[in-house]
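Structure, as structure tokens:
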Amino acid sequence: MSNAPLTNETVHRVSFLDKASLHIPILRILQADGTTYENAVLPVIDKALADKIFDTCIFTRVLDERMLGAQRQGRISFYMTCTGEEASIIGSTAALDKDDVILAQYREHASLRYRGFTTEQFMNQMFSNEKDLGKGRQMPIHYGSRELNYQTISSPLATQIPQATGVAYGMKLQGKRNVAICYFGEGAASEGDFHAGLNMAAVLKSPTIFFCRNNGYAISTPTEEQYSGNGIASRGVGYGMHTIRVDGNDMLAVLAATQQARAYALEHNAPVLIEAMTYRLGAHSSSDDPSGYRSKDEEAKWQQHDPVKRFKLWMINKDWLTEADEAKLFERYREEVLAAVKVAEKLPVPKLDEIIEDVLDKPTPALRKQLKELKEHINKYPKAYPKSAGRL
């Protein structure tokens, strides 16, 4: 292996580099009024794709509104919204092939919807009922779908990053013309898994798109307390990979960047890092109160950069959408989500026997013993376990 330097330039005086040494522009295509910047190069998009993107935006807004309300009513235990980050999530997903694998963090349910996850499937997961694909073993919003190539969400932060490197590397070895896309926030980029995952991808030439949603806060920690460098994009350059920073509230910029990132990843069998600069309009989760760490004025300023509104105005300018069309979508999905909630919350939880299945080919004697003891305990205190007591 060559030990040759990466540059031929030599200097004869001490000269340090700092974060200002690397200039990272931000890609913007769509302005706040729905018009495009002069000389902007648009992504590949037609009316059918725009309609699907906008439909997913409205469904996601309704889902977030209704299910956060359901959590406040005590009908589900937990919820996380993606309000304000729809362009980052949906715009990037729309650039993918259906066989590309998605490894999400926990705020990317819009990606799953874009791929066809039904309203009923969302509800079954959040209510952990017998129709839940995860058999009730995950807390709400930890979705997964083998059919849609969407790997199940893990609560531990950043574990999906090195996993994505391996998934994409495996597809490369199999001769598949597909990529893995890995979503994470700028807070997760402080985890060791981030550095291990990116370095492995760069060295092994793994066709992975690392998509950072830099939304300003890691729960309550603002970016200025999270890092002092030039954002997350500078780290991609440091690991030797193609990198771009985009306006994460600009649907067209995100779509264009991800389309080209995917093409590059496949052509060169190499990773790409996308840093999307966006803002989390809602709380971190249903357990969070953002008034403790940010002002209403700050939130109001970012409301003016609403990605869904910006994309809507662009579609209206192209005569692809009307205000009436949007109103009908909201009405339709509010009725659909509410109806699905009422059905899903009445379905029973999975049978208790399933708790020891799916890990080992045959449950061990120790697991069977534990299951027997669990059933005896629930039979003894059925009022403490009203849902499980009926599923023994």
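The values are calculated or read from the model by the stated rules, or taken from the named source; none is laboratory data. Since this is a predicted model, take the numbers as computed values, not measurements. Quick reminder, even Gly has a Cβ in these numbers, built from the backbone with ideal geometry, and neighbours come from all protein chains shown. In case anyone asks, the SASA skips ligands and DNA or RNA and just uses the protein heavy atoms, side chains included. Shrake-Rupley method; radii C 1.70, N 1.55, O 1.52, S 1.80 Å.
Go through (1) open to solvent by less than 60 Å² (accessible area, probe 1.4 Å); (2) over 20 Å from His242 (Cβ atoms); (3) touching a residue at least 12 places away in the same chain (Cβ under 8 Å) and name the single condition Phe194 misses.
Only one criterion is unmet by Phe194, namely (2).
Across segment 326-342, what is the number of residues that are open to solvent by less than 60 Å² (accessible area, probe 1.4 Å) and either among the acidic types (Asp, Glu) or at pLDDT below 95 (or both)?
Total satisfying the criteria: 2.
Residues to consider are Leu157, Leu133, Leu96; find the one that is at pLDDT below 95 and either in the same structural domain as Asn249 (by the TED database) or part of a loop (DSSP other than H, G, I, E, B) (or both).
The conditions single out Leu157.
Could you please let me know if Gly84 is crowded, with 21+ Cβ neighbours inside 10 Å, on the phi > 0 side of the Ramachandran plot and either in contact (Cβ under 8 Å) with a residue 12 or more places away in the chain or in contact with a helix residue (DSSP H, G or I) (Cβ under 6 Å, 6 or more places away or on another chain) (or both)?
Yes.
Looking at Thr165, Thr118 in this structure, which one is out of contact with any strand residue (DSSP E or B) (no Cβ under 6 Å at 6 or more places or on another chain) and hydroxyl-bearing (Ser, Thr, Tyr)?
None of the others qualify; the one that does is Thr118.
Can you tell me which of Asn149, Asn178 is within 24 Å of Val246 (Cα to Cα) and among the polar types (S, T, N, Q)?
So the residue among Asn149, Asn178 that is within 24 Å of Val246 (Cα to Cα) and among the polar types (S, T, N, Q) is Asn178.
Just name the residue that is farthest from Ala327 (Cα to Cα) out of those in segment 46-64 that are without any contact (Cβ under 8 Å) to a residue 60 or more places away in the chain and more than 18 Å from the chain's Cα centre (by Cα).
Applying the filter and picking the extreme gives Asp46.
Here's the yes/no breakdown for (1) touching a His at 6+ places or on another chain (Cβ under 7 Å); (2) within 26 Å of Val167 (Cα to Cα); (3) open to solvent by less than 10 Å² (accessible area, probe 1.4 Å); (4) not assigned by the TED database to the domain that holds Ala158:
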{"position": "Leu198", "(1), (2), (3), (4)": "no, yes, yes, no"}
{"position": "Gly216", "(1), (2), (3), (4)": "no, no, no, no"}
{"position": "Ser234", "(1), (2), (3), (4)": "no, yes, no, no"}
{"position": "Ala265", "(1), (2), (3), (4)": "no, yes, yes, no"}
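Let me spell it out: the conditions are (1) touching a strand residue (DSSP E or B) at 6+ places or on another chain (Cβ under 9 Å); (2) open to solvent by 10 Å² or more (accessible area, probe 1.4 Å); (3) in a loop (DSSP other than H, G, I, E, B), and Arg245 meets all of them except one. Which number is the exception?
(3)
When segment 146-169 is examined, which residues are found to be open to solvent by 10 Å² or more (accessible area, probe 1.4 Å) and either of a type in the set (Gly, Ala, Ser) or under 20 Å from Ser286 (Cβ atoms) (or both)?
Ser154, Ser155, Pro156, Leu157, Gly166
Could you check Glu224 against (1) open to solvent by 20 Å² or more (accessible area, probe 1.4 Å); (2) modelled with pLDDT of 95 or more and say which number it fails?
Of everything listed in (1) open to solvent by 20 Å² or more (accessible area, probe 1.4 Å); (2) modelled with pLDDT of 95 or more, Glu224 misses just condition (2).
Taking the options Leu49, Leu103, Leu96, name whichever one is among the hydrophobic types (A, V, I, L, M, F, W, C) and open to solvent by 30 Å² or more (accessible area, probe 1.4 Å).
Going through Leu49, Leu103, Leu96 in turn, just one is among the hydrophobic types (A, V, I, L, M, F, W, C) and open to solvent by 30 Å² or more (accessible area, probe 1.4 Å): Leu49.
Exactly one condition in (1) open to solvent by 60 Å² or more (accessible area, probe 1.4 Å); (2) among the charged types (D, E, K, R); (3) more than 21 Å from the chain's Cα centre (by Cα) is false for Lys309; which is it?
The failed condition is (3).
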